[in-house]
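Student: Have a look at this one.
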């Protein structure tokens, strides 16, 4: 499965600020766990989806999502609630990474990366570090998973942020679902039609 999904080509590809925010050993390990893009084909989603539906599909398929994230991730919760000064905050997905010994907060964003995502995730990481993590845990790492990103914009958005943030894309599907294949021509049939 990992060979077919081009795991090697996707590993350590996400844009992040880990080398500026973590000690070298932890930075190297954190960089090695970030992929770009994340392959979410197992969700069998066609077309546009709203963030809450994407999150629900991931939770329904948590075993496959954990396999896609890679070794060391343990699921903590979704819509993880933290209260601060009478305000309620809900983090999309929270994991604990056993090797890094830290929480990992994943924010799901459908559509294109926006600058404000980095600031919001930075706030969530501060919440986790001050209210949830204990002294034996390393600082929380954040990951923004979005459908589309532009490298330079992301680099500028996370530059100077003191918390460790990575940004990666996700892809939903590259192949047609089996149930639709019977209604469409094969590549060979298309080539034949094109040559006529």
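The values are calculated or read from the model by the stated rules, or taken from the named source; none is laboratory data. Quick caveat: nothing in here was measured; it's all calculated off a predicted structure. FYI the Cβ positions are ideal-geometry reconstructions off the backbone, even for glycines, and counts take in every protein chain you see.
Student: Quick test of your reading of the structure: residue 17 fulfils all but one of (1) touching a strand residue (DSSP E or B) at 6+ places or on another chain (Cβ under 9 Å); (2) modelled with pLDDT of 85 or more; (3) within 20 Å of residue 151 (Cα to Cα); (4) surrounded by fewer than 15 Cβ atoms within 10 Å (Cβ to Cβ). Name the failing condition by number.
Tutor: Going through (1) touching a strand residue (DSSP E or B) at 6+ places or on another chain (Cβ under 9 Å); (2) modelled with pLDDT of 85 or more; (3) within 20 Å of residue 151 (Cα to Cα); (4) surrounded by fewer than 15 Cβ atoms within 10 Å (Cβ to Cβ) one by one, residue 17 breaks only (4).
Student: State the number of residues belonging to segment 100-131 that are more than 18 Å from residue 156 (Cα to Cα), surrounded by fewer than 16 Cβ atoms within 10 Å (Cβ to Cβ) and at pLDDT 95 or above.
Tutor: Qualifying residue count, segment 100-131: 4.
Student: Tell me yes or no: at least one residue of segment 30-51 is closer than 21 Å to residue 101 by Cα, part of a helix (DSSP H, G or I) and out of contact with any helix residue (DSSP H, G or I) (no Cβ under 8 Å at 6 or more places or on another chain).
Tutor: The answer is yes; a qualifying residue exists.
Student: May I ask you to verify whether residue 55 is farther than 24 Å from residue 155 by Cβ, crowded, with 16+ Cβ neighbours inside 10 Å and either without any contact (Cβ under 8 Å) to a residue 12 or more places away in the chain or out of contact with any helix residue (DSSP H, G or I) (no Cβ under 6 Å at 6 or more places or on another chain) (or both)?
Tutor: It is true that residue 55 is farther than 24 Å from residue 155 by Cβ, crowded, with 16+ Cβ neighbours inside 10 Å and either without any contact (Cβ under 8 Å) to a residue 12 or more places away in the chain or out of contact with any helix residue (DSSP H, G or I) (no Cβ under 6 Å at 6 or more places or on another chain) (or both).
Student: Also, I was wondering about something else. Report the residue count in segment 58-85 for those that are out of contact with any helix residue (DSSP H, G or I) (no Cβ under 9 Å at 6 or more places or on another chain) and either within 22 Å of residue 103 (Cα to Cα) or surrounded by 14 or more Cβ atoms within 10 Å (Cβ to Cβ) (or both).
Tutor: Residues that pass the stated criteria total 6.
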